[in-house]
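Reading through the structure tokens given below for one structure.
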Amino acid sequence: MMEYKVTWKSPSNIALVKYWGKYGVQIPKNPSLSITLEEAFTRTTVALEKKRSKKVSCSLLFEGNAKPQFEEKISGYLNSIKDDFPFLQQYHLHIESGNSFPHSSGIASSASSMSALALCICTLHTMTGGKPPKDFLGNASNYARLGSGSACRSIYPEFSIWGKVAGIESSSNKMAIAHPVEYHKDFTDIQDTILIVSKKEKEVSSRAGHDLMNHHPMASIRFRNARQRLNTLLEVLKAGDWSEFIEIAEAEALELHSLMMSSSPSFLLLEPNTVAIIKAIRAFRERTKLPVGFTLDAGPNVHVLYPYFEKRKVRNFIQKELLPLCENQVAIYDHMGRGPLQELA
Ligand code: PMV
């Protein structure tokens, strides 16, 4: 018999200033800033069943199917946090999870899935008699980080900042925070169309990727650049400067890939159509003077960023010129989101 059950829906996020390089227990080597998405999310339900043994145990159904590989990863994660959550040793966890986007679309799901799971664990903690933390979201963000670094940013709506930033008292390396001041209305509901250039699984695991920064010859320059760009971006968000916003987003995306290309071993994750899309976006921007730019994750897919108020014109361009460059003409029309939501049965 299930005694407790909880469901959270949690979104993915896309970093404008990237987190690339970590130390210790998931501590970032530089602060990052992201947009929380809305349409790309994971929905996770965790139900608890009382058991005798004290061993942490869970079973996972992902979109209705057993996934031993994910189950093993989650089991390792639960074991690593078991001392903070006594219920993990009293109950078996029945976990059911699914994504709003196709698993094999090349979109990383660790941010949405680990944030959804951390929110479930933190909610179950208080349901089973644990002491409620002073800051529920901050606490959930900390545990999401332990599952996957970037997941800690998915806890907040709109913009999130993770990592200590000089001048922002509440910022932290252990949890993300919501963007602390008001931003310009021109950044309301930023649009992010994710162009699926290739559905292939990631070529470099996140852990291996971050490790590349431990001995990278450009490491110190990189961490300094990220800090400077984050500070500039905070000013840009206040001022409503789309042109500077695009410059920062594109510089960060290309720097992330240049770091991968120039590391040892080297990874080249851009596909010919990634480059074709980037060139088409820049030519369109030059031609029309419309504020449209891009960012990239650690893969070949392109996130096209543009303001809500130019949605119609940019969508036209995407459909005519960019979709033909996507695998099976697939794109996900996403935008800045409201953050995670607990769903009541
Ligand atoms: O959260 P991780 O360990 O999968 O790392 C994410 C790294 C990037 O997606 C490339 C950048 C970022 O800040 O999200």
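Nothing in this text is a laboratory measurement; each read-out follows from the coordinates by a stated rule. Bear in mind that the values here come from a model prediction, so they are computed numbers and not experimental data. No Cβ is skipped: glycine too gets one built from the backbone with ideal geometry, and neighbour counts run over all protein chains shown.
Computed from the Cβ-Cβ distance with R0 of 51 Å, the FRET efficiency linking Lys134 to Ser262 stands at 0.70.
Take the Cα of Thr232, step 7 Å toward its Cβ, do the same at Arg338, and the gap between the two points is 3.5 nm. With the helix formula -39500 (n - 2.57) applied to DSSP H stretches of n ≥ 4, the chain reaches a computed 222 nm mean residue ellipticity of -11000 deg cm²/dmol. In degrees from 0 to 90, rounded to the nearest 10, what is the angle of the helix 219-239 Cα long axis to the longest principal axis of the chain? Once rounded, one gets 80 degrees. Rounded to the nearest angstrom and listed largest first, the equivalent-ellipsoid semi-axes of the chain from its Cα gyration tensor are 34, 21, 20. Label-to-label distance for Arg287 and Met218 is 3.0 nm, based on points extended 7 Å past Cα in the beta-carbon direction. Under 5 Å between amide hydrogens, built in the peptide plane, is the criterion, and for Leu61 it picks out Ile95, Glu96, Ser97 among residues at least 5 positions away or on other chains.
Once you sort the root eigenvalues of the Cα gyration tensor of the range 248-345 as a ≥ b ≥ c, which label holds: rounded (a/c under 1.5), prolate (a/b larger than b/c) or oblate (the other case)? Note, shape of the range 248-345 comes out oblate. For the range 2-181, the equivalent ellipsoid derived from the Cα gyration tensor has semi-axes of 27, 19, 14 Å, listed largest first. Each residue, Ser170 and Glu310, gets one label point 7 Å from its Cα in the Cβ direction; the gap between the two is 3.1 nm. For Lys22, the aspartates and glutamates whose Cα falls under 15 Å of its own Cα, not counting residues fewer than eight places away in the same chain, are Asp211.
If R0 is taken as 25 Å, the Cβ-Cβ distance between Lys200 and Ala66 corresponds to a FRET efficiency of 0.60.
Straight-line cross-link reach from Lys185 at under 25 Å between alpha-carbon atoms covers these lysines, not counting any fewer than eight positions away in the same chain: Lys18, Lys238, Lys289, Lys311, Lys313. Computed over the chain with a Gaussian network model linking Cα atoms closer than 10 Å, the most mobile of Ala280, Ala178, Ala226 is Ala280. Relative to the longest principal axis of the Cα atoms of the chain, helix 68-81 runs at roughly 70 degrees. Here the relative contact order of the chain, from alpha carbon pairs under 8 Å that lie six or more residues apart, stands at 25 percent. Check cross-link reach from Lys5 to the aspartates and glutamates: straight Cα distance under 13 Å, and skip same-chain residues fewer than eight apart. Within reach: Glu49, Glu96, Glu343.
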